[in-house]
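Here is the structure we will look at, set down as structure tokens.
The values are calculated or read from the model by the stated rules, or taken from the named source; none is laboratory data. Quick caveat, the model's predicted, so the values are computed rather than measured. Methodologically, a virtual Cβ is constructed for each residue, glycine included, from the backbone with ideal geometry; neighbour enumeration extends over all protein chains shown. Remember, those area values only see protein heavy atoms, side chains included, never the ligands or the DNA or RNA. Shrake-Rupley method; radii C 1.70, N 1.55, O 1.52, S 1.80 Å.
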Amino acid sequence: MANRETGSVHAIDIRSRTLTATMKVGRDAAHLALDSASNTAYVANREDHTVSMIDTTSNTVVMTIDVGGKPQGIAVDPRTQTVYVTDSERGTVTVLAGPR
């Protein structure tokens, strides 16, 4: 779950309904996408103009990518591990190649 106010992502165990980890990402982290094939979550950090890549097996931020503008919507194609990030400021889509 992305937390816009704290710029973090919270991992929650849905079975026990408990918080298992908190990862600091970036300002205004509002949207995220999960690629279950690579155990990777991608988070759009609107005010930092970045996308954070989280390894969901270790709950660590492994990379932060500057995409410019105001990244907002984010989606991943699990078949190709391609990440699509919309930019609400410029009206564009940035395409990122995920981990292989």
Pairing a residue in the range 1-25 that is on the phi > 0 side of the Ramachandran plot with any residue that is among the basic types (Lys, Arg), where Cβ atoms lie under 6 Å and the two sit 6 or more apart in sequence or on different chains, gives Gly7/Arg27
Given (1) at positive phi; (2) within 9 Å of the chain's Cα centre (by Cα), identify the lone condition not met by Leu34. (1)
Considering only residues that are touching a Ser or Thr at 6+ places or on another chain (Cβ under 8 Å) and of a type in the set (Ser, Thr, Tyr), which ones fall in the range 50-80? Thr50, Ser52, Thr56, Thr64
Do you know which of the residues in the range 52-100 that are under 14 Å from Ser36 (Cβ atoms) and small (Gly, Ala, Ser) is least open to solvent (accessible area, probe 1.4 Å)? Gly98
I'm checking my understanding of the structure. Among residues of the range 1-21 that are under 13 Å from the mean Cα position of the chain (by Cα) and not small (Gly, Ala, Ser), which one is farthest from Val85 (Cα to Cα)? His10
Specify the residue that is farthest from Gln72 (Cα to Cα); the eligible residues are those in the range 4-22 that are open to solvent by 40 Å² or more (accessible area, probe 1.4 Å) and in a strand (DSSP E or B). Thr18
Give me the residue from the range 23-46 that is open to solvent by 60 Å² or more (accessible area, probe 1.4 Å) and modelled with pLDDT under 95 and, out of that set, nearest to Arg79 (Cα to Cα). Ala37
